[in-house]
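The values are calculated or read from the model by the stated rules, or taken from the named source; none is laboratory data. Everything numeric here is computed off the predicted structure, so don't read it as measured data. Cβ placement follows ideal geometry from the backbone for every residue including glycine, while neighbour counts extend to all protein chains displayed. Heavy atoms of the whole protein, side chains included, go into the accessibility calculation; ligands, DNA and RNA do not. Shrake-Rupley method; radii C 1.70, N 1.55, O 1.52, S 1.80 Å.
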Amino acid sequence: MSASAAKVGAILLAAGSSRRMGANKLTADLDGRPLILHVAEAIRAAGLPPPIVVTGHDAPAIERALAGRDCRFVHAADHAEGLSRSLAAGMAAVPDAWDAAMICLGDMPSIPAAVLRSLSDEAGRERVIVPVHGGRRGNPVIWGRSYFPRLMAIRGDKGARGLIDTLGDAVTFMACDTPAILIDADTPDALAALRANFAKASSSDRRP
């Protein structure tokens with residue numbers, strides 16, 4: 001199967017407790033919409049199937065934030081054990097038809113749909129696609145189905161970066177021209193910066 005023929009879907013991780021924020025960052029207002037909604041809409045605009053949304057902490061609030069959007073909610077009952085458990089819950093829910101899964105973080109709302117589309121175009125069952133900007137790895141990462149069992153075996157409050165480091169030539173590092181793949185809303189200061197950037201972009205769009 002060629003990479004361009006691969007069926008790719010998104011897993012949207014939204015189970016965290018936002019400890020560094022002090023409140024649920026994923027439902028915070030960003031340009032008039034819940035922060036996580038920006039991510040879900042980028043997934044839709046990229047032409048991907050309805051995402052699998054993994055909930056955990058404050059699950060009802062996440063479901064309200066995405067009300068009316070086409071997505072499938074999966075609850076990670078053991079989400080308090082760390083990021084790996086949320087990831088495993090999402091992977092377990094992937095339909096058989098998907099050849100690869102794009103792991104999207106709910107607190108990264110500024111990644112353009114075009115970037116998601118470009119990443120998905122490179123996906124395949126035996127491939128891992130990692131976006132890079134300025135020499136730094138970012139998100140989302142796409143995992144071919146061949147690696148699903150190894151992802152689900154990860155334990156603790158960590159993602160899959162360590163696994164990536166063991167895969168050698170199976171990993172494609174894809175250059176991206178936007179720093180958005182590095183920017184999350186993990187702290188109040190980071191959220192304030194995102195709000196300023198979105199306000200600036202909205203102001204530019206309104207100029208004649």
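Side notes on the structure shown:
- Test: residue in the stretch 33-54 that is in contact with an Asp or Glu (Cβ under 9 Å, 6 or more places away or on another chain), open to solvent by less than 10 Å² (accessible area, probe 1.4 Å) and part of a strand (DSSP E or B): yes
- Residue count for the stretch 147-166, restricted to those that are open to solvent by 50 Å² or more (accessible area, probe 1.4 Å) and over 20 Å from L182 (Cβ atoms): 7
- For the stretch 167-176, a residue qualifies if it is free of Cβ contacts under 8 Å to residues at least 40 places away in the same chain and surrounded by 10 or more Cβ atoms within 10 Å (Cβ to Cβ), and exactly one does: L167.
- Residue, farthest from the chain's Cα centre (by Cα), within the stretch 3-25, restricted to residues that are at pLDDT 95 or above and of a type in the set (A, V, I, L, M, F, W, C): V8
- Scanning the stretch 133-176 for residues that are more than 19 Å from A10 (Cα to Cα) and either aromatic (F, W, Y) or assigned to a strand (DSSP E or B) (or both) turns up H133, R136, A175.
- Selection of the stretch 112-126 for residues being open to solvent by 20 Å² or more (accessible area, probe 1.4 Å) and assigned to a loop (DSSP other than H, G, I, E, B) yields P112, E122, R125, E126.
Listed here are the residues, each with its yes/no results for (1) within 25 Å of D29 (Cβ to Cβ); (2) modelled with pLDDT under 95.
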site: H79; (1), (2): yes, yes
site: L87; (1), (2): no, yes
site: A97; (1), (2): no, no
site: M108; (1), (2): yes, no
site: S118; (1), (2): no, no
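- Residue in the stretch 179-198 that is of a type in the set (K, R), at pLDDT below 90 and open to solvent by 40 Å² or more (accessible area, probe 1.4 Å) present: no
- Of residues in the stretch 55-69 being more than 20 Å from R19 (Cα to Cα) and not charged (D, E, K, R), the one least open to solvent (accessible area, probe 1.4 Å): L66
- Output for the stretch 127-143, where each listed residue is under 16 Å from A160 (Cα atoms), more than 12 Å from the chain's Cα centre (by Cα) and open to solvent by 10 Å² or more (accessible area, probe 1.4 Å): R127, V132, R136, R137
- Filter result for R19 (of a type in the set (K, R) and either within 20 Å of S110 (Cα to Cα) or not in a loop (DSSP other than H, G, I, E, B) (or both)): no
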